[in-house]
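Data block below; observations after.
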Amino acid sequence: MNLRYLASRLAQGLLVLWIAFSLSFFLLYWLPGDPVITMLGAGGELQSFDPAEVARLRAEFHLDQPLIVQYLFALGNLVRLDFGTSIQAGTPVTEAIAAALPSTLALAALALGLALIIGTVIAVTATLTRRPWLRDTLAALPGLGVALPTFWVGLMLLQVFSFRIPLFPAVGTGTPAAIVLPAVTLAIPLSAIIAQVLFRSLQNAWIQPFVTTYTASGYTRLRLLLRQALPVALLPTLTMGGVLFGQALAGSVVVENVFSRQGLGRLAQTAVTGQDIPLVQGIVLFAAAVFVLVNLITDLTYPLLDPRLRAARRKLESTSGNTLAEASDRADGSAGASPAGSTAVTAAAGSTATATGIEGARA
């Protein structure tokens, strides 16, 4: 992975963070209501409080300044990694996020693990089965899983496994059993995406020439799929890691509210309702940063998992090195006779730069 490509991806990540920050700032500003009045609990009636106290609070949170001044002030704080103070709680935004983060991370990690298991089982079974009706049924399940609303799935699971069959608690975060239903609710749409992508990848891998070669060598269908086709088919699923993790964080907003579970999603819902601009911006930026970081890690590790990309990179580097060496030798041989040596070196440098750009694009 060359430095130019890495710098480009980092610049793209910073651009994503800036866009997320700007959109969240202006959208929250245009919401009806007054965050100070909401914080004081006046129900929207300004005359219920001392105007001097209201003015002091607005000045404290810079809400008395013009919009552009508020934006530039918040942007300057962001550059210094200062997310400000929550209007509702009066505590630093970083502390509020840090307190709610462990619960949400545990929920998202468990949901992703379950989704990977469920999606892989569905895709592998649909690929291995020789019964067309079973394959078609399993192939249709991902579409159904994506179409089902998350809040409806959570309510159905609550109705069955908490009220009718009291196996799991309906609300709370105090016991390990309390995370089961929220994790299953969040895992269903994620597993549907994984199953759909993996099934199509396995279908494409199953028609490759290496399958015929290994089948002629005596490999069974199960052994061939698990040892040869599945590792190749998992690569497209890996590229969706950032999207799936981002969807898990977004889905936690709904799931944590359905199950009255404390976490980052419930904190975001409370912050939006109370127009807690610094807290909402902190949560949005955190989610965007996680999304950018996961995608960057995925791009960096993808060549390590795909030997074809490694081989292409080595061949490209070898070709570039030989081209530059030959051009330098020709330049040394013709030095003093004509400007061809300088032209050759320049052309070789341009070829190397082009090869580097191609390598970055492929990576």
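The values are calculated or read from the model by the stated rules, or taken from the named source; none is laboratory data. Everything numeric here is computed off the predicted structure, so don't read it as measured data. Cβ coordinates were reconstructed from backbone atoms using ideal geometry, including for glycine residues, and neighbour counts include every protein chain displayed. Calculation scope for accessible area: heavy atoms of the full protein, side chains included, ligands and nucleic acids excluded. Shrake-Rupley method; radii C 1.70, N 1.55, O 1.52, S 1.80 Å.
Remark: C-alpha extents of the range 121-242 on the principal axes read 55, 31, 24 Å, sorted largest to smallest. Using a simple spin-label model with pseudo-atoms 7 Å out from Cα toward Cβ, S260 and S162 lie 0.8 nm apart.
Per-residue Karplus couplings for the range 185-200, computed as 6.51 cos²θ - 1.76 cosθ + 1.60 with θ equal to phi - 60°, are listed in order as 4, 6, 6, 4, x, 5, 5, 5, 5, 4, 4, 5, 5, 5, 5, 5 Hz, Gly and Pro entered as x.
When you count the other C-beta atoms within 10 angstrom of each residue and take the mean per peptide, 132-138, 293-299 line up highest first as 293-299, 132-138. In this structure Y71 has an accessible area near 20 Å², from a 1.4 Å probe over the protein heavy atoms. Mean sequence separation of contacting Cα pairs (under 8 Å, at least six apart), scaled by the length of the range 78-139, corresponds to a relative contact order of 16 percent.
Note that the range 258-272 has calculated 3J(HN,Hα) couplings of 5, 9, 6, 9, 6, x, 5, x, 5, 5, 5, 4, 5, 5, 5 Hz, one per residue in order, obtained from phi through the Karplus relation 6.51 cos²θ - 1.76 cosθ + 1.60 (θ = phi - 60°); glycine and proline are x. For L105, L17, the ranking by accessible surface with the largest value first comes to L105, L17, using a 1.4 Å probe. Compared with the direct C-alpha span, the chain from V294 to L67 gains 78.4 nm at full extension, assuming 0.36 nm per residue. Centroid-to-centroid, using Cα positions, the range 204-262 and the range 87-165 are 15 Å apart.
Phi angles across the range 226-232 convert, under the Karplus curve 6.51 cos²θ - 1.76 cosθ + 1.60 with θ = phi - 60°, into 3J(HN,Hα) values of 6, 9, 10, 6, 5, x, 5 Hz, Gly and Pro given as x.
Any idea what the relative contact order of the range 174-242 is, in percent, if you count C-alpha pairs under 8 Å spaced at least 6 apart? Normalised by residue count, the contact order of the range 174-242 is 39 percent. Extents of the range 217-270, largest first, come to 61, 20, 11 Å (Cα atoms, principal axes, whole angstrom).
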